[in-house]
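I have placed the structure first, in the form of structure tokens, so that the comments after it can refer back to it.
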Amino acid sequence: MKSSDKVRVRFAPSPTGLLHVGNARTALFNWLFARQRKGVHVLRIEDTDVERSESRFETQLLDDLRWLGIDWDEGPDVGGPFAPYRQSDRGEIYQRYAERLLDEGKAYLCFCTAEELERERQAAMAEHRAQVYSGKCRECDPEESKRRRTAGEAAAIRLKIPEHPIHFHDIVRGDVTFDNESVSDLIIVRSSGVPVYNYVVVIDDAEMKITHVIRGDDHLSNTPKQVALYEALGFPVPEFAHLSTILGPDRERLSKRHGATSISQF
């Protein structure tokens, strides 16, 4: 980030349940950081999980944030220069970048079935190897792959993870390095045509010019995949800050599915 760049952060909840205290804490950190730096706080709705996302949860999320006194400068209800701010409204944008990665040879079509991938996973477990994709479709002829897709064969789109280790700086943890051998070629669009979280979040953060990504450390393992995407697309990599997560009495991470207290209960 250049010293002259205006700080832009985002809180990006998924409307798959009620806002719980862990996510509210993340929202507070983002809001405080934006206000202290005289920056911009963006609210983005991440509803790519179409089966679990519900409009009633989105409405409650916004009400809970307002109740906490957390406001936002751009978002689905107030608009802004980088609208739309709801992922379900941004499908054409995601498709355009996916096709660009294919055209540039930075991604490829993968025709492996769920059964084939499960066999790979079981073999890796039996041999005590890292459970990463073999890359069998990586060397397929791109033109032949396009013909197969045009003919109606289902194909996911995978990003080619670079061979070099992936480095990034974390404001909380310092310099972090991931060995590429532990990162599979990333599926960015499923064979159903639905883009995945680790892909769309990079597109959205880059297009919305987010300078700092402040989130829970449960997202740390996602970061090398996202950094690889930033690099493949030629986007500047934002600053990351991975916060420690709130644990329950049983020392397990609070989540929507485990022991979290929703804000609406207060």
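The values are calculated or read from the model by the stated rules, or taken from the named source; none is laboratory data. This is a predicted model, so every value here is computed, not measured. No Cβ is skipped: glycine too gets one built from the backbone with ideal geometry, and neighbour counts run over all protein chains shown.
Could you say whether any residue in segment 57-67 is of a type in the set (Val, Ile, Thr) and within 17 Å of residue 15 (Cα to Cα)? Step through it out loud before you land on a result.
First pass over segment 57-67, keeping only residues of a type in the set (Val, Ile, Thr): 59.
Narrowing the set further to residues that are within 17 Å of residue 15 (Cα to Cα) leaves 59.
Yes: segment 57-67 contains one or more residues that are of a type in the set (Val, Ile, Thr) and within 17 Å of residue 15 (Cα to Cα).
Summed over segment 26-61, residues that are touching a Phe, Trp or Tyr at 6+ places or on another chain (Cβ under 7 Å) and of a type in the set (Val, Ile, Thr) total 4. Selection of segment 96-116 for residues being of a type in the set (A, V, I, L, M, F, W, C) and surrounded by fewer than 16 Cβ atoms within 10 Å (Cβ to Cβ) yields only 114.
Applying the condition of being touching a residue at least 40 places away in the same chain (Cβ under 8 Å) and more than 12 Å from residue 108 (Cβ to Cβ) to segment 145-166 and asking which residue is nearest to the chain's Cα centre (by Cα) yields 166. What number of residues within segment 29-87 are in a loop (DSSP other than H, G, I, E, B) and farther than 24 Å from residue 264 by Cα? The total comes to 8.
Within this structure, residue 250 fails the test of being of a type in the set (Asp, Glu), in a helix (DSSP H, G or I) and either modelled with pLDDT of 95 or more or surrounded by fewer than 18 Cβ atoms within 10 Å (Cβ to Cβ) (or both). Taken over segment 1-28, the criterion of being modelled with pLDDT under 90 and part of a loop (DSSP other than H, G, I, E, B) is satisfied by 1, 2, 3, 4, 5.
A quick yes/no check of all residues on (1) surrounded by fewer than 14 Cβ atoms within 10 Å (Cβ to Cβ); (2) of a type in the set (Gly, Ala, Ser); (3) under 20 Å from residue 201 (Cα atoms); (4) touching a Lys or Arg at 6+ places or on another chain (Cβ under 9 Å):
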position	(1), (2), (3), (4)
27	no, yes, yes, no
30	no, no, yes, yes
37	no, no, no, yes
56	yes, no, no, no
69	yes, yes, no, no
89	yes, no, yes, no
94	no, no, yes, no
